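The values are calculated or read from the model by the stated rules, or taken from the named source; none is laboratory data. All figures in this text were calculated on a predicted structure; none of them were measured in a lab. Note: ideal-geometry Cβ built from the backbone for every residue, glycine included; neighbour counts use all protein chains shown.
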Amino acid sequence: MSVPQNRLFGGEGHRWWVLATVATGVLMATLDASIVNIALPTILEDLRTNLVYVQWVLEAYLLAITVLLLPFGRLSDIVGRKRVYSAGFLIFVAGSALSGLSRSAEELIAFRILQAVGAAMILANGFAIVTAVFPPWQRGVALGSLGTVVAAGFALGPTVGGLLIDSLGWPWIFYVNVPIGILGTTAAWVILSERVLSAGRGRIPERFDFAGAGLAVLSLLSLLMALTLGPEMGWSSPLVLLLGAVFVLLTAAFFVVESRLEQPMVDLTLFRRRTFTAGNVAGIMAFLAISANAFLMPFYLQLVVGYSPLQAGLLLTPTALVLAVVAPISGWLSDRIGARVLSSMGLAINGVALLLLGSLPANATYSQVLYWLLLLGLGQGMFQAPNNSSVMGDVPRERLGIGSGILSMMRNLGQVIGLAVSASFLLGSLSSVVGPSSLGALELGALPSGSDPELLSAFMAGFRAAYLAAVGFAALGIVASLVRAPHTEPPAQPGGTGRG
């Protein structure tokens, strides 16, 4: 594919400016997702609120992003990817500034939802924009570079957040997004070309499917609320069962409506594409698996092994750093040999790493934990870039927005469902010892040195069961990854040089 010259940046180098612009948005969104965690105790004290409200500072952001990815992905296919992406920057900046100015937990939750609207507009278009401007022989390395940015955002969040809170106060974890967002908005308007990004859209005017969007948002919201409340209230509680039933009914209605429309929000024919469907299934299974580690390992390191929050944070950082190094290399290889082998190997390595992490003793050494976390980072890096490239490469150009939205939604769904599954195993095991308060009854340093053998035993039993479930998800992901279509030779680069 030949990319037309931009008015300021000409030639092939333009696509790398586009990648840098997208990377700015992705870094901002992922940094914000990880930077808030470390500020929660300070926010709780400063706003004089309770743990439930503070929990929703995180959950409201994640829920809103997940339910809005599909509508904004489809909207960008209709009105243009540059418009939606740039507007997302502005909304995110406004939400960030208002979050920093919040003087109550209710205000902060509301403005975090506004932030999430902007983040969803950015994340729903990131893969689509990169896929639109990069040819097949460079797509893997480009998406791998985005994987590096995602890893950097999650790795830097706790450290940057701690520095800002100690020196300037918690509002600055939100204010820091304002200059980055203004820079990103300016870069998007100057560098991105709507003619290039939205090339391939049909000349027949398209309509936005409000009915489909409403059903998708409400069904996903019902599912995510059930998954969020299930571990705490119990899966058999009337509210959780009601939310589950609503999800099933609304999902059925969604598929009926979408199958009858000429211009549905989600083109269901995309799922007839073997590589697209297999890659998305593999993706959700991969994130189901690794979310167990993201949720459980901080508890294990601090409650069981006895590390301080700083020690635990430093130990968890190398996983993201390995992913950051491996992702672009894996993406580059996938441009040459395809995604099936690399993605499947990455998931296999993830499965082995999760099995070893789940087998750690209560008195594990620093090096024991580090080795298996590094192995997990290697597996993630090998899987993500090839899988993303494979999925997006199977999407028609005029459907790149909704394709990107589906891929991002699968990632978020995997994280939310995986967290709920892991929490259920852990809380179910602990409830017989500490009662319904579960983790709330635990304190830092309560479990090391066998001070409470019964409590320690219950924690480790739930910990191991959750990791075994994660290994099972990784195995299912391998099966899905192997089902995708074999690699085909991409078109030769201009000038007849092939991929070489």
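Examine segment 261-271 for a residue that is over 22 Å from the mean Cα position of the chain (by Cα), in a helix (DSSP H, G or I) and surrounded by 14 or more Cβ atoms within 10 Å (Cβ to Cβ), and state whether such a residue exists. No, every residue in segment 261-271 fails to be over 22 Å from the mean Cα position of the chain (by Cα), in a helix (DSSP H, G or I) and surrounded by 14 or more Cβ atoms within 10 Å (Cβ to Cβ). Inside segment 77-96, residues that are closer than 13 Å to ALA188 by Cβ, under 22 Å from the mean Cα position of the chain (by Cα) and among the small types (Gly, Ala, Ser) make up a count of 3. Within segment 374-384, the set of residues being under 17 Å from GLY313 (Cα atoms) and crowded, with 22+ Cβ neighbours inside 10 Å comprises LEU376, GLY377. Please verify whether segment 23-35 includes one or more residues that are of a type in the set (Ser, Thr, Tyr) and modelled with pLDDT under 75. For segment 23-35, residues of a type in the set (Ser, Thr, Tyr) and modelled with pLDDT under 75: present.
Listed by first and then second residue, the pairs with beta-carbon distance under 7 Å, at least 6 apart or on different chains, first residue in segment 254-265 and closer than 16 Å to LEU75 by Cα, second part of a helix (DSSP H, G or I) and of a type in the set (A, V, I, L, M), are GLU258/LEU268; MET265/LEU70; MET265/ALA213; MET265/ALA216.
The set of residues in segment 106-153 that are closer than 21 Å to PHE174 by Cα, out of contact with any Leu (no Cβ under 8 Å at 6 or more places or on another chain) and small (Gly, Ala, Ser) comprises ALA110, ALA119. Filtering segment 481-492 for residues that are at negative phi, among the hydrophobic types (A, V, I, L, M, F, W, C) and either modelled with pLDDT of 85 or more or assigned to a helix (DSSP H, G or I) (or both) leaves a non-empty set. Being in a helix (DSSP H, G or I), out of contact with any Phe, Trp or Tyr (no Cβ under 6 Å at 6 or more places or on another chain), surrounded by 20 or more Cβ atoms within 10 Å (Cβ to Cβ) and modelled with pLDDT under 80 is a property that holds for LEU303.
For segment 347-359, the criterion of being among the polar types (S, T, N, Q) and part of a helix (DSSP H, G or I) is met by at least one residue. Evaluating TRP170 against the criteria (1) crowded, with 17+ Cβ neighbours inside 10 Å; (2) outside any helix (DSSP H, G or I); (3) without any contact (Cβ under 8 Å) to a residue 40 or more places away in the chain leaves one unmet condition, (3).
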